[in-house]
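Heads up: the structure comes next, in structure tokens.
The values are calculated or read from the model by the stated rules, or taken from the named source; none is laboratory data. None of these values were measured; they are calculated from a predicted model. Cβ coordinates were reconstructed from backbone atoms using ideal geometry, including for glycine residues, and neighbour counts include every protein chain displayed. For accessibility, only protein heavy atoms count, side chains too; no ligands or nucleic acids. Shrake-Rupley method; radii C 1.70, N 1.55, O 1.52, S 1.80 Å.
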Amino acid sequence: MDKIRVVGGIPLNGRVEISGAKNAALPAMAASLLTEDTVHLENLPYVRDVLTTRNLLLDMGVEAELKEDGTADLKAAEVRSFQAPYELVKTMRASILVLGPLIGRFRKARVSLPGGCAIGARPINLHLMGLERMGAKCDVVHGYVEASTQGLHGAYIMMDTVTVTGTENLMMAATLAEGQTVLDNAACEPEVSDLADLLRGMGAHIEGDGTRTIRIRGAKKLHGCRHRIIPDRIEAGTFAVAAAITRGDVEVGNCQPRQLTAVLTQLSQTGAEVVMGSNFFRVRGRDSIVSKNVTTYPYPAFPTDMQAQYMALMTQGNGSAVITETIFENRFMHAQEMIRMGADIVIDGRQAVVRGGRPLTGARVLASDLRASASLVLAALVAKGETWIDRVYHLDRGYYHIEEKLAALGANIERVR
Ligand code: EPZ
């Protein structure tokens, strides 16, 4: 199994180009199930979750051609299976995103119920509640969601918790429902708006994406289109922290800085110098890193997917910082591994108190999930000596060749097979 080896202590310098957004790519690929025509996608990150989604679509009978240059042609003209099997869903819970398109277009779906994961229980009750309000019958049988309908109809759906894939699933289902659907307390993440743009390109009628209330008027049929996936704001944020924590100077290109306002504002409050352009930003780290509290919330606030990376930075702060995680109940697995590197972190439920000012030392550490693995790479970049990161398959789920991108900025990092 691959490992990543890092020798810390080198300030990063140079420019890095950001890949397409994993969390925009997955729903976009699922949306191809809504039409028999070809959906051409560009700027897909060639990462493991995208490959898993391609395999899931192929399994259903979709013609799915995916190239490493990030383009894909997806044609769901002869779908023969309306099922997302356990074997695939257990490796990637985002497989649930085929539920909405399948029930919307084919009026039936059988999707393995995603179990819990390292960061939390992650139920899908809101996905099912919304589909039932649109007239679907959803049962959980033998670990599978069995959904069927005589035809979906529009509905008013209030989600008591903001859910990203829940909003995306219901938005996709509603594009082929009879009448108007209103999604209230909807997620505003840029990935939701990117999906809405794709669906509009396919002929859907959607308004209000990017706000807490999305209105979808159902269409009889959708058609094919070409769509370019937005850049990955979380990958961009990860490189922003890499520049600050190594006291380096990095220009992050091919991204949309305004989608990272909460992260870049927080970074500048920790003392890093941040310059924002239209499709790039630059971060210059300072010797002294100011410890600043942060709380994760749904977009546009500070994202939970940047919490672990920020914790790594706070281990080098000049005081104490309280990190509060409001989205997932168990998203501090990375803290124990940072403590093994010499960090001073105390966890109390959904809060972590990070006392800074202690040098980190290289160690053997274990990645537990995608963003935790990124945070361990960041901690290793400032640790004294050598760090070995195990289970980097987590990293490969959402980052495209991160070690090569970091090495190009001067880091002493390599993948060891
Ligand atoms: C999406 O997950 C992202 N994944 C996650 O990114 C991200 O952490 C998360 O949104 C929050 O921003 C993709 O887009 C593929 P949620 P999702 O439904 O949609 C509760 C990464 O690192 N909830 O918005 O699964 C849930 O338990 C990944 O790239 C319900 O209670 O997250 C959680 O506490 C990790 N019932 C909260 O809502 C439901 O039916 C937010 O979860 C659905 C969710």
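For the reader, a short list of remarks on this structure follows.
- Point-charge dipole on Cβ atoms (K/R +1, D/E -1) for the chain, about Cα centre, debye to 20: 380
- Neighbours of Val7, meaning other residues whose beta-carbon lies under 12 angstrom from its beta-carbon, give a summed charge of 0 when Lys and Arg score +1 and Asp and Glu score -1.
- Measuring only protein heavy atoms, the 1.4 Å probe finds Asp249 accessible over about 30 Å².
- Using R0 = 30 Å, the C-beta based FRET efficiency linking Val322 and Arg286 works out to 0.90.
- Candidates Phe82, Leu44, Ala272 compared by Cα position along the dipole of the chain: farthest toward the positive end lies Ala272, with charges placed on Cβ.
- Taking every protein chain into account, the accessible area of the chain amounts to 38 square angstrom per residue (probe 1.4 Å).
- A cut-off under 15 angstrom between Cβ atoms defines the neighbours of Gly349, and their net charge, with Lys, Arg +1 and Asp, Glu -1, is -1.
- Listed residues Ala379, Ala174, Ala301, most fluctuating in the chain (Gaussian network, C-alpha, under 10 Å): Ala301
- Percentage of interatomic Cα-Cα distances in the range 1-151 larger than 25 Å: 36
- Prolate/oblate/rounded call for the range 119-214, Cα gyration tensor, a/c under 1.5 rounded: oblate
- Most mobile listed residue (Thr52, Thr211, Thr361) in the chain, GNM with C-alpha springs under 10 Å: Thr211
- Magnitude of the charge dipole, the range 292-408, Cβ model with Lys/Arg +1 and Asp/Glu -1, debye to 20: 240
- Taking the C-alpha atoms of the range 302-417, convex hull volume expressed per residue in Å³: 102
- Pairwise label distance in nanometres, Lys220 with His401, each label 7 Å out on the Cα-Cβ vector: 4.8
- Computed FRET value (nearest 0.05) for Ala408 with Asp344, which takes r as the C-beta separation and R₀ as 41 Å: 0.80
- Annotation: for a label point projected 7 angstrom from Cα along Cα→Cβ of Ser278, no residues of the range 170-200 have a backbone N closer than 17 Å.
- Among Glu178, Glu325, Glu87, residue whose mean-square fluctuation peaks in a GNM of the chain (springs only between Cα atoms under 10 Å): Glu87
- Near Gly410: Cβ cut-off under 15 Å, other residues only, Lys/Arg at +1 and Asp/Glu at -1. The net charge is -1.
- Under a 5 Å amide H cut-off, with hydrogens placed 1.01 Å from N, Ser291 pairs with Asn318, Gly319 among residues at least 5 apart or on other chains.
- Translational D in µm²/s for the range 333-379 (Stokes-Einstein at 4 °C, 1.567 mPa s, Kirkwood Rh from C-alpha pairs): 118
- Percent accessible area from carbon and sulfur atoms, the chain, protein chains only, probe 1.4 Å: 48
- Relative to one another, the C-alpha centroids of the range 313-362 and the range 1-58 are positioned 28 Å apart.
- Note on Asn13/Glu386: beta-carbon distance plugged into 1/(1 + (r/R0)^6) with R0 of 25 Å gives a FRET efficiency of 0.70.
- Label sites at Val416 and Gln351, each approximated as a point 7 angstrom past Cα along Cα to Cβ, lie 4.0 nm apart.
- An ellipsoid equivalent to the chain, defined through the eigenvalues of its Cα gyration tensor, has semi-axes of 38, 21, 20 Å when rounded to whole angstrom and sorted largest first.
- Extension gain from Arg364 to Gln180, taking 0.36 nm per residue of separation minus the Cα-Cα distance: 60.8 nm
- Simple label model, 7 Å out from Cα along Cβ direction - Asn330 to Tyr297, nm: 2.7
- Taking all protein chains together, Cys225, Cys117 sort by accessible area into Cys117, Cys225, largest first [probe 1.4 Å].
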